[in-house]
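For reference, the structure discussed in these notes is given below.
The values are calculated or read from the model by the stated rules, or taken from the named source; none is laboratory data. Nothing here was measured: the structure is a model prediction, and the numbers come from that model. With ideal geometry, Cβ positions are generated from the backbone for all residues, glycine too; neighbour counts draw on all protein chains shown.
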Amino acid sequence: MSPTANWSYPTAIRFGAGRITEISEACAAAGIKNPLLVTDRGLAGLPITTGTLDLLEAAGLGRALFSDVDPNPNEQNLTAGVAAFKAGNHDGVIAFGGGSGLDLGKMVAFMAGQTRPVWDFEDVGDWWTRADAEAIFPNIAVPTTAGTGSEVGRASVLTNSQTHEKKIIFHPKVLPSVVIADPELTVGMPAAITAGTGMDAFAHCLEAFCSPNYHPMSQGIALEGLRLVKENLPVAYTTPTDLDARSHMMSAAMMGATAFQKGLGAIHAVSHPIGAIYNTHHGTTNAVVMQAVLRFNRAAIEDRLNMAANYLGIEGGFDGFYDFVGQLNTQLNIPESLAALGVTDPDAEAILQGALKDPSCGGNPIELTAANTRALIASLI
Ligand SMILES: [Fe+2]
């Protein structure tokens, strides 16, 4: 039997196969009587979504759905979602899906009671204190992928539809009140999404582990997260119905997002603008750039990755870890280059400008300058 547990760190988590059947109890725990389920268009008609709506309806909680959510959710999706929330007199959100459904759902619950524009709450200094905390509605997160970890995050990524910039919107009360982490919901993911989202979790753990910021709790979580991905992502990829592997990947995803409070780094700083400009899959893009960033950071992270390699059972220290990443990518059929990912004629300068502005920059072990980041991007092209 795959693992089952109830956790209260970093929020209340109902973990285990089949636990989506507890959705009405989760609503009661969060104080939600009239939920709006927010997901993306692709998921809206799938059995995992309609089945969840059936459970809500059977419990007398209605079956309200909002699914006008783009792969990179923007403020227009948010405005429409808030309008649907108000029109239905809802009192909370079930954020359902991968990163886009979770992030937009969390934002609808956050913004439905606010009067200021969403960009006023960007994760800059103490801007979050501008929000009326009493007017924030509760949300329940139900992840259907294992990668983003947004289900345990206090922020959402929202794309500005005019400038195509991705902004992080933060408030402590954006953290879901309850998470249902049910690995059965991830079984139907296409193999390429299992691979890409899983490599996002790996990148979160790796960058948190390598970040020089002091956060020993995150350091430990990141290391075990790396191990869970190493042991389970290839299994989940080749045997999609393996619930043990799917369970451990769900844990790794939540661990990655918990750990990256310590910092992210150049993998995300470079991957974000590539994704924003060329619409590539976030986690897959991380995987494509990962080895180049390891080379770039080598002088600052070699000792640390020697330790990690020992724990992970990888021989050869840093070099062994580096080779392992290459082998993992190959095993998961990750494209070997940006060109193979479909980015055939990249605008290096636009990627550079995006990378240098990205908030992930701050956690990189080697300071990102225009000169060294230009060289890093050139090594990818
Ligand atoms: Fe990520």
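Summary of computed values
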| quantity | calculated |
| --- | --- |
| One residue from 130, 154 being out of contact with any Asp or Glu (no Cβ under 6 Å at 6 or more places or on another chain) and of a type in the set (Lys, Arg) | 154 |
| Matching residues, segment 195-218, being buried (at least 17 other Cβ atoms within 10 Å of the Cβ) and over 13 Å from the mean Cα position of the chain (by Cα) | 195, 206, 207, 208, 209, 210, 211, 218 |
| Subset of segment 351-381 [among the small types (Gly, Ala, Ser) and surrounded by 15 or more Cβ atoms within 10 Å (Cβ to Cβ)] | 354, 355, 360, 363 |
| Entirely in segment 236-324, the helices (runs of 4 or more DSSP H) that have 3 or more residues that are in the same structural domain as residue 366 (by TED's automatic domain parsing) and more than 30 Å from residue 5 (Cβ to Cβ) | 266-278, 282-312 |
| Within segment 180-231, tally of residues that are within 14 Å of the ligand (Cβ to nearest atom), within 15 Å of residue 329 (Cα to Cα) and among the charged types (D, E, K, R) | 1 |
| Evaluation of residue 71 against (1) at pLDDT 95 or above; (2) touching a Ser or Thr at 6+ places or on another chain (Cβ under 7 Å); (3) of a type outside the set (Ser, Thr, Tyr) (one fails), failing number | (1) |
| Single residue of segment 277-309 satisfying the filter (more than 13 Å from the ligand (Cβ to nearest atom) and modelled with pLDDT under 95) that is surrounded by the fewest Cβ atoms within 10 Å (Cβ to Cβ) | 279 |
| Residues that are in a helix (DSSP H, G or I) and surrounded by fewer than 18 Cβ atoms within 10 Å (Cβ to Cβ), drawn from segment 82-91 | 83, 86, 87 |
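Residue by residue, here is whether (1) surrounded by 20 or more Cβ atoms within 10 Å (Cβ to Cβ); (2) under 20 Å from the mean Cα position of the chain (by Cα); (3) closer than 23 Å to residue 122 by Cβ holds:
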residue	(1), (2), (3)
14	yes, yes, no
42	no, yes, no
57	no, no, no
66	yes, no, no
70	no, yes, yes
80	no, no, yes
93	yes, yes, yes
102	yes, yes, yes
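Condition check ((1) of a type in the set (Phe, Trp, Tyr); (2) within 16 Å of the ligand (Cβ to nearest atom); (3) crowded, with 24+ Cβ neighbours inside 10 Å; (4) not assigned by TED's automatic domain parsing to the domain that holds residue 271) across all residues:
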| position | (1), (2), (3), (4) |
| --- | --- |
| 147 | no, yes, yes, yes |
| 157 | no, yes, no, yes |
| 161 | no, no, no, yes |
| 167 | no, yes, no, yes |
| 170 | yes, yes, no, yes |
| 176 | no, no, yes, yes |
